[in-house]
Amino acid sequence: MAHVHKEFLVDSTPDDVWAAVRDVGEVHRRLARGFVTDTRLEADTRVVTFANGVVVRELLVDIDDEARRVAYAVVGGALTPKHHHASMQVFADGRERSRFVWITDVTPDDLADPITEMVDQGARVIKQTLETAPTQDD
């Protein structure tokens, strides 16, 4: 099983970062603007469209306000992992800064490189989105 662990600091308050992460139907506007181009909720599943054209269905496993953690699993779409589970969690790093932790486990191992590449690119965009003032459309 491949394990991708990405951790980075965000110059934004933990409450603001969590509000964006927790808004699971607005990833394309509030969390990863430009990297994700559309997010649609269908019951306990979200359909996520990425800028590269990949569309995945993600089962929303947990939204934990106390732990500031969202967990999800890819269950369909363009990527067909045997197993996929990911979580995003927000921690305080002082009063005005946050530590963002994104962990993904996936099989088969040949998906490790494309998943790692998407997580790396996504992390850069998430940091930029969270540190930029909202636009008129947000």
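The values are calculated or read from the model by the stated rules, or taken from the named source; none is laboratory data. The model shown is predicted, which means the values in this text are computed figures rather than measured ones. Cβ coordinates were reconstructed from backbone atoms using ideal geometry, including for glycine residues, and neighbour counts include every protein chain displayed. All accessible areas refer to the heavy atoms of the entire protein, side chains included, with ligands and DNA or RNA removed. Shrake-Rupley method; radii C 1.70, N 1.55, O 1.52, S 1.80 Å.
Just a few scattered comments:
- Region 38-58: number of residues that are over 13 Å from the mean Cα position of the chain (by Cα) and either open to solvent by less than 50 Å² (accessible area, probe 1.4 Å) or over 19 Å from Ala78 (Cβ atoms) (or both): 4
- Matching residues in region 12-37 - criterion: being open to solvent by 60 Å² or more (accessible area, probe 1.4 Å) and acidic (Asp, Glu): Asp15, Asp16
- Strands (runs of 3 or more DSSP E) (entirely within region 38-138) containing at least 1 residues that are on the phi < 0 side of the Ramachandran plot and without any contact (Cβ under 8 Å) to a residue 60 or more places away in the chain: 45-50, 55-64, 69-77, 83-92
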